[in-house]
Amino acid sequence: MDKKLISEALGCIDEDYIIEALELSGGAYARGKENETMNGRKITKPARILLIAAALAMVMALGVGAYAADVFGFRALILGDPMENVVSLTKAQDVPETLDAAISEKLAASKAAWDEWSEYKTNRPFNMEKPEVYEYIPAGTYRMEVFENSEGGYSASYYDENDELIEEKAMSAEEYEALRAFDEVMIGNFDGYDFNYNVCSEEDADKLEEIAAKYGLVLKRDVNIAWSSETTGQSGENAYTNEELAELTSEKMGNSGNIFAKVPDGFDKAYWYDEGSFCVSFYVTLPSSGEQVTCYGYNSMYGTLYSGREVVAEANVDEFASREYVSADGTVLTILENGSEAYIYVFLEDSFYVQHIGTADMTVKDVNYIADYISYALIGK
Amino acid sequence: MDDRELTALFFERSEQAISALEASHGAAAKALAFNVLGDMRDAEECLSDGLLAVWNTVPPTCPESMKAYLLGLTRNCALDRYHLLGAKKRCSRFDTAMDELAYCIADADTAQSVCEAKELGAAINAFLATLAKEDRQLFVRRFWFGDELGDAAKALGMTPQRASLRLFRTKDKLKRFLMKEGML
């Protein structure tokens, strides 16, 4: 009996059992109730002295060189009330006072602009009619697929929850175009604006541009994606070998050279925007165990409009120890680690780079080894 | 916003429906997808797919719980991606949980599966009905949500050791149940 079968079988369990499990507190499933038990009893947070003891124990476990002295630590990443354990990988949440005030100003402008944009979106009426093709959905439909058929027309296929075809229906080019336009609006990437902005119309686009201009910010548009042919088996225009993909960080992502000091074992993907923000998701084998971990690095430009919620992760902050590390290219990094996950971040001149590593048993040397994969000084235009 | 209001927004085809659903339950769905895939960007994309799937199916579907419905659709999107990505990508919490369950209920004398997912799902449903509520919640949190044992234990207000022991007993019961049903 393989895992695929078991995972599919579990997908068939009654919704009532899912609802029942959701009654429990804990994690993001019950946001805001993380500190309550199922009986409603509060779990008291450990006293400060215990936290220090735990941090010291963690430092001891992690080895010589780690210390919990950097009080700034997670402040750069945590979204804050009510998401005290949610980390943003796409925008610095706070800036040390020692840094240039211009960085804080740009991040504050981004926050104010996002608040204004959110308020506008909340009050915006929806004025696009649902295409007729959506009016027809056979009973029991779980998903619909549309594809171009051999005659150059289009077909809509309706599947049930077991992925059995219920019905296939021809679709005209006009219907297809209406469907595509509607989906573009619903997904919110009208006219190439990054889908996180949720731009649905010309009016939205004008308003977003107006807000960005008011706060002196630029916008993310037209994401470019590249895949590793070696890792994913994909071929074609956007597929590259691991070495070529590493090289792309120089040529395509606006950096002053290949940011990879070493070619990773593989890539999940890389994507970038013309204004300089980019993501590199890659795999590295840990020297201590031979286990492979995923490293997800994101570079966000200070002068770009971000919500900070584009890519987030959960982290039990109290479990992490913080330390500084000087990378192979001489950049001073902040590293937060708990023995199985780590975050690396650095405030650069024009952008904030943060990288998540996980999840596997990791030593301090493992984390340093991964930190040295990136040439941070080359990031940015 | 409660489920009734959320469902009403979808039935009205209001644009606020998706953003309201995301605001209410997006974090939970994303956390679930992250458990399955171990990759935040992928989790984001699965959440988007899940939200769109809700939009495409409500109406006519009128879910009892919008949260459970979104989580179910997002989980399916995440599982599709999980199976597509192949072994090299599999290093998530969910993978660990599935390894644990597969090891426990491995076929007694053959590597071949003797049943289909739907049959097995029905049997697991029947088995879950026999469990005490707390054991069932622990099982679902561990194997449906892909929660780490410590998180599932915390949610139930018990120690990880106690949760581990209870889960061990539940898995053992499941194995015996499936053998009795002729599935192992």
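The values are calculated or read from the model by the stated rules, or taken from the named source; none is laboratory data. Not measured: the values here are computed from a predicted model. Counting neighbours? That spans all protein chains shown, and the Cβs are built from the backbone with ideal geometry, glycine included.
Quick look at the values:
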item: Residue that is surrounded by the most Cβ atoms within 10 Å (Cβ to Cβ) [pool: residues in the stretch A:193-248 that are within 12 Å of another protein chain (Cβ to nearest Cβ), among the β-branched types (Val, Ile, Thr) and farther than 24 Å from B:GLU15 by Cβ]; result: A:THR231
item: Qualifying positions in the stretch A:205-248 - of a type in the set (D, E, K, R), more than 23 Å from A:SER300 (Cα to Cα) and modelled with pLDDT under 90; result: A:GLU230, A:GLU237
item: Single residue of the stretch A:90-105 satisfying the filter (small (Gly, Ala, Ser) and loosely packed, with under 15 Cβ neighbours inside 10 Å) that is nearest to A:PHE278 (Cα to Cα); result: A:ALA102
item: Residue satisfying condition, being within 19 Å of the chain's Cα centre (by Cα) and free of Cβ contacts under 8 Å to residues at least 40 places away in the same chain, within set A:PHE278, A:PHE352, A:PHE347; result: A:PHE278
item: Pairs, first facing chain A (nearest Cβ under 9 Å) in the stretch B:55-84, second of a type in the set (Ser, Thr, Tyr) and part of a helix (DSSP H, G or I), C-beta under 6 Å, six or more apart; result: B:PRO63/B:TYR69; B:LEU79/A:SER7
item: Subset of the stretch A:251-268 [modelled with pLDDT under 90 and either aliphatic (A, V, I, L, M) or assigned to a helix (DSSP H, G or I) (or both)]; result: A:GLU251, A:MET253
item: Qualifying positions in the stretch A:202-245 - small (Gly, Ala, Ser) and more than 22 Å from A:TYR306 (Cβ to Cβ); result: A:SER228, A:SER229, A:GLY233, A:SER235, A:GLY236, A:ALA239
item: Filter result (within 8 Å of chain A (Cβ to nearest Cβ) and modelled with pLDDT of 85 or more) within the stretch B:20-33; result: B:LYS30, B:LEU32
item: Cross-chain or 6+ apart pairs with Cβ under 8 Å, the stretch A:313-336 first and within 14 Å of chain B (Cβ to nearest Cβ) and over 13 Å from A:GLY358 (Cβ atoms), then assigned to a helix (DSSP H, G or I) and at pLDDT below 90; result: A:ASP318/A:LEU51; A:ASP318/A:ALA54
